Amino acid sequence: MFNTWTSRVAQVALTTAIGLTACSADLSPPAAASRLGTDVDAGTLDPRLMRNTTAYRVNNLIYDGLVRLDADLSPVPGLAHSWENSDPTTWIFHLRDGVRFHDGTLLTAEDVVFTYRTILDPGLRSPFRPLLLPIRHVEAVDGRTVRLELSEPYAPLLSYLDAGIVSQAYVEGGGDPATEPMGTGPMRLLSWQRGSRITLEAFAEHWAGAPAVQRFEFVVVADNTARAQAFEAGDLDIIQSPLSPQDVRRLEADDRFHHTIVPGLAITYLNVNTRAPTLSDPALRLALGMLVDRETIVNEIYEGVDRVASSILLPSSWAYSPEIRQPHFDPDSARQMLAELGWADTDGDAVLDRDGQPLTIELSTHSEDPNRIQAAEFMQTGFRQHGIDARVAISDWPAFFASVQAGRHEIALLGWTQIVDPDRLMYGQFTTGGALNYGGYSNVAVDSLLTLGRSSMDEEARRGAYQAAAEILANELPFLVISYQDYQVFHRPEITLEADVRGMMRSAIGL
């Protein structure tokens, strides 16, 4: 089978850095510039190591991948102008001529090989390694041709080949792409004030042509409401999810701004550490799930801007089934199940205990999202009403996420984005020993189903595998999915923007 796609030319607009002062209500944009408000700093600008949405969105402008995902998540040409799948396990990519990195050096097939080999090296600890493990060999056929040999057919492969390509010579020569990135994208890094702003400037030698404007700035404003207020004051040109519902309601009523809302590729969920002695019991996790009032969280705390989740599968996914249901809010059944598990208030202190040990749990989330804090406190109250000593721990995003990655949490409230395929939210997160399996979950049946889901090229077989795995997960609850997030973006009318469910900004800059 031979597949080719015609390339899409990128015309890119970039932005200038303007401080977050609220003193002016003038909404006319600065010439050749735009400013995007974001909730967290990027952490790293190495495209092989990025882990949060800001890093994804910045690197999407600094780097190009072999392919690019369009607004419909279909793979279209990037650095590769065409490719062929000559047999089920062989993919050959043909690179564009004359593509240059930001230092002026030419991109070669060896740079692509280096990028993928380092991602696959366990020593790098790339979060993308689980997504690319079926690649058993990558080689440069010649300076413009790359061949990938797979260990087995791999259905979601093209969805994961948009990762930015780094320069082998730059990295091996001592360059640090984490802090001084150098890609082939339409923008390059001008400055990075940690915790404050990332400023990009146009790369005039981009293979698709010079960008239309000069600068684009990512401005870090951790608090959702402060970010919305900065947008209203004219200090930001674009803001997007995550947004607090009260700010969404106010901004959508303001005719000065354009607002788009589309079904997103993200969830808000509880990550349960199944290694924790108490939480290792699936039956207890199920009982706890019945004490989480998702309807109230979504419709009251989030004011209905997201949708109540039913399972790990997104409604926008071809694998979704409305028949797969997580436990619903049912305190009576939860209390009965806890009693059957031996938990009782034996000493009259209103806290359940068993074998002399009280039933305690810690709920954690991050300080940058006030709605998640409110949701955690709401759940804490609900748990305490039913005899569970629930505590809430709040820390900033870097500290919070580091704790989750290290498996030091008990129940963490957070989100997952960029779910372009069911595999993206399931394989690394739920297979035994998976690189993204922060809760230590293990089930051999799930392992087998998720392996089938990524190796079969038959969509019906994939659908069946993911639905069967989702059914198990809905009963064992290593995750309790609270909501399906919609993607929302507000921008000034002078900016033309096609909503991208992943929050990428190439359309806002002319692509």
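The values are calculated or read from the model by the stated rules, or taken from the named source; none is laboratory data. On a predicted model such as this, the values are computed, not experimentally measured, just so you know. All Cβ positions, even for glycine, are placed from backbone atoms using ideal geometry, and neighbour counts span all protein chains on display. Only protein heavy atoms, including side chains, enter the accessible area calculation; ligands, DNA and RNA are left aside. Shrake-Rupley method; radii C 1.70, N 1.55, O 1.52, S 1.80 Å.
Considering just Cα atoms, how many Å³ per residue does the convex hull of the chain enclose?
Given the Cα convex hull of the chain, per-residue volume reads 140 Å³.
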Which percent of Cα pairs goes in each bin when the distances of the stretch 344-470 are cut into 5 angstrom slices starting at zero? 2, 10, 15, 14, 14, 14, 14, 9, 5, 2, 1, 0
Quick one: if you stick a label point 7 Å off each Cα along the C-beta vector at residue 396 and residue 261, how many nm between them? 3.2
For the chain, which whole percent of the accessible surface, found with a 1.4 angstrom probe, sits on carbon and sulfur atoms? 49
Probe 1.4 Å, all protein chains in place: accessible area of residue 44 in Å², nearest 10? 20
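On average, how much area does the Cα convex hull of the stretch 25-158 cover when viewed from any direction, in nm²?
If I average the Cα hull's projected area over directions, I get 10.7 nm².
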Where N is the number of residues in the stretch 448-511, Cα Rg divided by 2.2 N^0.38 Å: 1.71
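Provide the per residue accessible area, probe 1.4 Å, for the stretch 117-188, rounded to a whole number of square angstrom.
Per-residue accessible area for the stretch 117-188 comes out at 39 Å².
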Expressed as a rounded percentage, what relative contact order does the stretch 240-311 have, with Cα pairs under 8 Å and six or more residues apart? 28
Kindly report, to the nearest 10 Å², the accessible surface of residue 306 as traced by a 1.4 Å probe over protein heavy atoms only. 20
Semi-axis lengths, Å, the stretch 195-273, gyration tensor of Cα atoms, sqrt of 5 times eigenvalues: 27, 19, 15
Within the stretch 322-410, DSSP-loop trypsin sites (Lys or Arg not before Pro) with at most 15 other C-beta atoms within 10 Å are 325, 408
Here the tail fraction of P(r) beyond 12 Å, over all Cα-Cα pairs of the stretch 86-142, rounds in percent to 71
Going by alpha carbons, how many degrees (0 to 90, nearest 10) lie between the helix axis of 109-120 and the longest principal axis of the chain? 10
accessible surface per residue for the stretch 388-511, probe 1.4 Å, DNA/RNA/ligands not counted, whole Å² -> 32
For the stretch 200-216, just list the computed ³J(HN,Hα) in residue order, Karplus coefficients 6.51, -1.76 and 1.60, θ = phi - 60°, integers in Hz, with x standing in for Gly and Pro. 10, 10, 5, 9, 5, 9, 4, 4, 8, x, 5, x, 6, 10, 9, 9, 9
Where Rh denotes the Kirkwood radius from the mean inverse Cα pair distance, what is Rg over Rh for the stretch 202-245? 1.15
Classify the stretch 348-400 as rounded, prolate or oblate, taking a ≥ b ≥ c as the square roots of the eigenvalues of its Cα gyration tensor: rounded when a/c is under 1.5, otherwise prolate if a/b is larger than b/c and oblate if not. oblate
Rounded to two decimal places and with Rh computed the Kirkwood way over Cα pairs, what is Rg over Rh for the stretch 253-377? 1.05
Residue 100 long-range amide H proximity, modeled H, under 5 Å: 107, 207
The ³J(HN,Hα) series, computed from each phi in the stretch 359-366 with the Karplus coefficients 6.51, -1.76 and 1.60 at θ = phi - 60°, rounded to the nearest Hz and given as x for glycine or proline, is 7, 10, 9, 10, 9, 10, 7, 10
Taking Cα atoms, the helix 331-340 axis meets the longest principal axis of the chain at an angle in degrees (rounded to 10) of 70
How are the C-alpha pair distances of the stretch 54-105 spread across 5 Å bins, as whole percents from the shortest bin up? 5, 16, 21, 24, 17, 11, 5, 1
Over the stretch 166-219: Kirkwood hydrodynamic radius from C-alpha pairwise inverse distances, Å: 12.1
Taking the inverse of the average 1/r across all pairs of different Cα atoms in the stretch 126-271, what Kirkwood radius in Å do you get? 19.5
What would the Debye equation give as log₁₀ I(q)/I(0) for the stretch 296-356 at q = 0.14, 0.21, 0.23, 0.29 Å⁻¹, counting only Cα atoms as equal point scatterers? -0.66, -0.89, -0.94, -1.15
What's the percent breakdown of Cα-Cα distances in the stretch 303-400 across 10 Å bins, shortest bin first? 13, 31, 33, 20, 3, 0
Specify the angular offset, from 0 to 90 degrees and rounded to the nearest 10, of the alpha carbon long axis of helix 53-62 from the longest principal axis of the alpha carbons in the chain. 10
Going by Cα centres, the stretch 85-148 and the stretch 346-373 are how many Å apart? 47
Over the stretch 259-303 - Rg/Rh using Cα atoms and the Kirkwood inverse-distance radius: 1.12
So, taking all protein chains as they sit and a 1.4 Å probe, how much accessible area belongs to residue 119, in Å² rounded to tens? 0
